[in-house]
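The values are calculated or read from the model by the stated rules, or taken from the named source; none is laboratory data. Predicted model only: the values in this text are computed from it and were never measured. Note that each Cβ is placed from the backbone with ideal geometry, even for glycine, and that neighbours are counted across all protein chains shown. Areas reflect the complete protein model, heavy atoms only, side chains present, ligands, DNA and RNA absent. Shrake-Rupley method; radii C 1.70, N 1.55, O 1.52, S 1.80 Å.
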Amino acid sequence: GKPLYRKTINFGALTNASEKKVAHNISNINFITNVYGTSFQDTGYRNCFPLPFASSAADASMYVYANAEYVIVGTGKDRTGFTTTYITIEYTKTTD
């Protein structure tokens, strides 16, 4: 019965086999219902990956999650060529 909110965050570039977090600046989050995104490689053919990304090669997989303060994306190998990433959070608020 609560309203569902959605915010898309410009996450920037992905990392080299590590985790990156970006503040989402959302206050009064009650429950995060979904976190997803897309990352683009800025080349002539413009590759893109959905996030999270599952692969049979463990180091190729990427995860995404959010907490009360941050959106977090982890990469298993060098993904620094993916310089444009947008993450969407869907959530309810405590103030409704």
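Rounded to whole numbers, the Karplus 3J(HN,Hα) couplings from phi for the range 9-19 are 10, 7, 8, x, 7, 7, 10, 9, 6, 7, 10 Hz, using 6.51 cos²θ - 1.76 cosθ + 1.60 with θ = phi - 60°, and x at Gly and Pro.
In the chain, taking the dipole from charged Cβ atoms about the Cα centre, the farthest positive-side position among Val64, Ile26, Tyr5 is held by Tyr5. With the cut-off at under 16 Å, measuring from each backbone N in the range 17-36 to a point 7 Å along the Cα-to-Cβ line of Ala57 picks out 17-18. A simple rule links phi to the HN-Hα coupling: the Karplus curve 6.51 cos²θ - 1.76 cosθ + 1.60 with θ = phi - 60°, which for the range 49-64 gives 10, x, 10, x, 10, 9, 9, 5, 8, 3, 6, 8, 5, 9, 10, 9 Hz, with x for Gly and Pro. Candidate cross-link partners of Lys20 among the aspartates and glutamates, defined by an alpha-carbon separation under 18 Å and a same-chain spacing of 8 or more, comprise Asp59, Glu69, Asp78.
For the range 1-85, the set of chymotrypsin sites (Phe, Trp or Tyr not before Pro) satisfying both a DSSP loop assignment and a count of at most 14 other C-beta atoms within 10 Å is given as Tyr45. A DSSP coil position with no more than 16 other Cβ atoms inside 10 Å describes the following trypsin sites (Lys or Arg not before Pro) in the range 1-56: Arg46. Ligands, DNA and RNA are left out, and with a 1.4 angstrom probe the accessible area of the chain is 56 Å² per residue. Each Lys and Arg Cβ is given +1 and each Asp and Glu Cβ -1; about its Cα centre, the chain then shows a dipole of about 160 debye. The portion of the accessible surface of the chain made up by carbon and sulfur, rounded to a whole percent, is 50 (1.4 Å probe; DNA, RNA and ligands excluded). Straight-line cross-link reach from Lys2 at under 18 Å between alpha-carbon atoms covers these lysines, not counting any fewer than eight positions away in the same chain: Lys93.
Can you give the percent of C-alpha pairs in the range 7-96 whose distance is more than 21 Å? Pairs farther apart than 21 Å: 30 percent. Scalar couplings 3J(HN,Hα) for the range 66-78, obtained by applying the Karplus form with A = 6.51, B = -1.76, C = 1.60 to θ = phi - 60°, are 9, 10, 5, 10, 10, 9, 10, 10, x, 10, x, 8, 5 Hz; x denotes Gly and Pro.
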